[in-house]
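Chemist: Sharing a structure below in structure tokens format, with a few things to ask.
Read-outs: derived from the displayed coordinates by stated rules, not from any lab. These numbers come from a predicted model, not from an experiment.
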Amino acid sequence: MRNDWHIDKTVSIGHMISTMVVLVTGVMYIDSIDTKVEKQGVKIEAIQQQVHQQRSDTKDMFLHIREDMKRINGKLDRLIENRLIEK
């Protein structure tokens with residue numbers, strides 16, 4: 001028995017159709033990935049804006065708390081001084 005190989009120079013319609021189906025499916029898959037990446041990019045931008053806004057709000061809140069603490073501290077100091085003077 002001889003092991004000669006044989007290459008057929010013809011291309012069957014079935015091979016052409018299956019190759020086209022694989023190519024079209026690959027392009028559709030890549031396009032769906034691009035769409036998903038774009039959507040995620042938009043979501044990331046929205047989240048970044050929310051984080052920035054929350055940081056700003058938190059900073060403002062701490063400034064107000066600091067001002068309130070200073071006022072309370074001043075009132076406590078006056079109250080303690082008045083009590084010491086009364087004794």
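Chemist: State, to one decimal in nm², a quarter of the convex hull surface area for the C-alpha atoms of the chain, i.e. the direction-averaged projected area.
Modeler: Result: a mean projected hull area of 14.6 nm².
Chemist: Straight-line reach only, C-alpha to C-alpha below 22 angstrom: list the lysines that LYS87 could link to, leaving out same-chain residues fewer than 8 apart.
Modeler: Counting by Cα, and skipping residues close in sequence, LYS87 has these lysines nearby: LYS75.
Chemist: Here's another thing I want to ask about it. Quick check on the chain: helices-only [θ] at 222 nm, where DSSP H runs of length 4 and up contribute -39,500 (n - 2.57) each and the sum goes over total residues. Nearest 500, please.
Modeler: Working: 1 runs with 74 residues, N = 87.
For the chain, the value works out to -32500 deg cm²/dmol.
Chemist: Among ASP57, ASP34, ASP68, which one shows the highest mean-square fluctuation when the chain is modelled as a Gaussian network with alpha-carbon springs under 10 Å?
Modeler: ASP68
Chemist: For region 7-50, what is Rg from Cα atoms divided by 2.2 N^0.38 Å, rounded to two decimals?
Modeler: That works out to 2.08 for region 7-50.
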